[in-house]
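Bear in mind these aren't lab numbers, they're just calculated from the coordinates by the rules spelled out. Fair warning: this is a prediction, and the values are worked out from it, not measured in the lab. Because the Cβ atoms are built from the backbone with ideal geometry, glycine has one as well, and the counts that use them run over all protein chains shown.
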Amino acid sequence: MAARSIRRSKIRGMTLIDPVLLKSRLGQLAGRFDVDAVHECDSTSSELMRRADRGAPAGSVVVADRQHAGRGRRGRSWLSSPEASLTFSVLWRFPGGATRLSGLSLAVGVALARALESLGATGVRLKWPNDVLLEADGDFAKLAGILIELSSDRRGVQTVIGIGLNLRAPAAADLPQPAAGLSLAGVKADRHEILAAILLELAGVLDGFGEQGFAGLKAAWQGYHAWQGMPVQILGDAEALHGLCLGVDDDGSLLLDTGKGVERIISGDVSLRRAGELPGAGTA
């Protein structure tokens, strides 16, 4: 699969993503990805799903310089601009049913953390089920988000993996929670190097996930877990749960020791926070 060539342009002195330049950074794995950069779209995941419906191959990647209807977890939006963020989606296919893909967002988090560390980032942590955080001065701020969208057909399960990474911190007034940029983590790489590093790690992690599921990555995820072994609270539609966070199970479920037993949190439609922290305050 050859990367498509596009005209290069600049915004505020920043070279936009060029798939041909990116291909050289992917090395021997370049053939596994078909990368297309668009100037603007509603969301990279929506665009990639439309292409998947028309037969786009696994390994297709859409990266957008700007998206105006990007989707985050729990219905939140994720806007982007090339000088402040890197937003892209990857199409991957797995054999079998969707139940085999439990924990996929956590696996992608491991790939992101490893890629950013390979670029020199420090303080990268993971938050269940799909956030990448930056730790600084004992606090956490959101660095990246992951959104997985699934659909099934006769070939198995089609997954669109959406990733939004802050290159620099958004304005605090625009967000309900603290956010950080990659520059604060000590990374000086350009967007081509960052995207290539992430795709290279994703290839290995997704291959392993396809063979072993999340169980083979559980220890790695817990090594990055922001609140491993710490008191936390789980906020959702029901009454808040409080307890000691034990990490995750082999299927990616969150394990919470409430003192009355261990609760398995399966739904990602909850908010995980440190014990005693008010909603919208403190951490990501």
Can you tell me which lysines have their Cα less than 22 Å from the Cα of LYS218? Leave out same-chain residues fewer than eight positions away. LYS127, LYS142
Computed over the range 172-267: relative contact order in percent, which uses C-alpha pairs under 8 Å that are six or more apart: 15
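By how many nm would the segment from ALA219 to SER102 lengthen if fully extended, with 0.36 nm per residue of separation less the alpha-carbon distance?
Stretched fully, the ALA219-SER102 segment lengthens by 40.5 nm.
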Contact order normalised by length for the range 231-274, with contacts defined as Cα pairs under 8 Å and 6 or more residues apart; what percent is it? 39
Straight-line reach only, C-alpha to C-alpha below 26 angstrom: list the lysines that LYS23 could link to, leaving out same-chain residues fewer than 8 apart. LYS10, LYS188
With a point put 7 Å past each Cα toward its Cβ, work out how far SER183 is from ARG54 in nm, to one decimal. 3.7
If you stretched the chain out fully between MET230 and GLU83, how much longer would it get, using 0.36 nm times the residue separation minus the C-alpha to C-alpha distance? 49.3 nm
For 48-54, 246-252, ranked highest to lowest by mean beta-carbon neighbours within 10 Å, the order is 246-252, 48-54
Given contacts defined as C-alpha pairs under 8 Å and at least six residues apart, what's the relative contact order of the range 10-224, whole-number percent? 22
If R₀ is 51 angstrom, what is the calculated FRET efficiency for the pair GLU40 and VAL262, using the beta carbon separation as r and rounding to 0.05? 0.65
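Using the Cα centre of the range 231-274 as the reference point, and only Cβ charges (+1 on K/R, -1 on D/E), how large is the resulting charge dipole? Debye, rounded to the nearest 20.
Dipole magnitude for the range 231-274 comes out near 240 debye.
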Ordering of 87-94, 258-265 by burial proxy (mean other Cβ atoms within 10 Å per residue, highest first): 87-94, 258-265
